[in-house]
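Here's the structure, in structure tokens; my notes come after.
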Amino acid sequence: MGPRNLTAQPIDIAALAREISDRNTARDRLIVAIAGAPGSGKSTLAEDLANRLGAGAAVLPMDGFHLDNATLRAAGLFAHKGAPNTFDAAGFIALLREVRAGGAVSYPTFDRNADATVPGGGMIDADTRIVLAEGNYLLLDNAPWDRLAPLCDLTVQLHVPRHVLEQRLIDRWLAYGLDPEAARARALGNDMRNVDTVVSTSRPADYVIRQS
């Protein structure tokens, strides 16, 4: 199955920041979902947008909802860490509903060096107006991920060529100390399977940012 985001409107970062600002007129929080394959640059884009939008914007990463390693090992899923079923999707959906309701909300973060979540590692302040949620699977069109759709006001997908993603993912594992053979195996195995999941099962976004 090929990409499903072909109907999304192309946009660049500056125009996207303006679009988000223009939509930030209601009393309720504006929730923007930023989705993309592993290695596509979601975190970088979200932080860039937050800086452009100013103090009223905050980033909410999905990575803090990785299931812990003990749970994954018990379920036989550790080798597939990063796949949709290795996240606490229900927990993330519940958190986004809490964020939507307003007020201060704490959320877990993910420490890549420790390969572990950090409970309460981040905070959405009570005066935050714009929440930039970012993660691989925010646009997945199957249960339970499809329950995110009514919680998001605007959706954005990053599109990066496959060969670029492969090299970025190899470089990521090299940076974490894996030898070249192991880094390539991790990137081209489990990581690229997750890339294919994002590409084949994500619903169309409102906007797409394409990188070459």
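What does the net charge come to around ASP191 if you take all other residues with beta carbon closer than 9 Å to its beta carbon, with K and R at +1 and D and E at -1? Mind showing how you got there, number by number?
Values: positive: ARG172, ARG186, ARG193; negative: GLU166.
Overall, the nearby charge balance is +2.
Hey, with R₀ at 25 Å, roughly what FRET efficiency would HIS80 and VAL118 work out to, going by the Cβ-Cβ distance, to 0.05? Write out the running numbers ahead of the final one.
Values: r = 22 Å, r/R0 = 0.89.
It comes to 0.65.
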Alpha-carbon radius of gyration plus Dmax, which is the widest Cα pair, for the chain in Å: 16.7, 52
- prompt: Net charge near LEU30, counting Lys/Arg +1 and Asp/Glu -1 over other residues with Cβ under 14 Å of its Cβ?
  reply: 0
task: Give me the number: length gained by fully extending ARG18 to ALA149, i.e. 0.36 nm times residue separation minus the C-alpha to C-alpha distance, one decimal in nm.
output: 44.9 nm
- request: Could you pull out every residue, at least 5 positions away or on a different chain, whose amide H is within less than 5 Å of the one on LEU60? Hs are placed 1.01 Å off N in the peptide plane, and Pro or chain starts have none.
  value: LEU132, ALA133, GLU134
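Highest mean first, how do 31-39, 17-25 rank when packing is the count of other Cβ atoms within 10 Å averaged over residues? Walk me through the numbers on the way to the answer.
Values: 31-39: 25.3, 17-25: 14.3.
Ranking, from highest mean packing down: 31-39, 17-25.
With all protein chains present, how much of the accessible area of region 59-144 (probe radius 1.4 Å) comes from carbon and sulfur, to the nearest whole percent? Working shown, then result.
Working: 1920 of 3720 Å².
Within region 59-144, the accessible surface is 52 percent carbon and sulfur.
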- request: Would you mind listing how long region 1-72 runs along its three principal axes, going by Cα atoms, in whole Å with the largest first?
  value: 44, 33, 21
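The values are calculated or read from the model by the stated rules, or taken from the named source; none is laboratory data. Since we're looking at a predicted model, the values are computed, not measured. Note that each Cβ is placed from the backbone with ideal geometry, even for glycine, and that neighbours are counted across all protein chains shown. These accessible areas exclude ligands, DNA and RNA; they are computed on the full protein's heavy atoms, side chains included. Shrake-Rupley method; radii C 1.70, N 1.55, O 1.52, S 1.80 Å.
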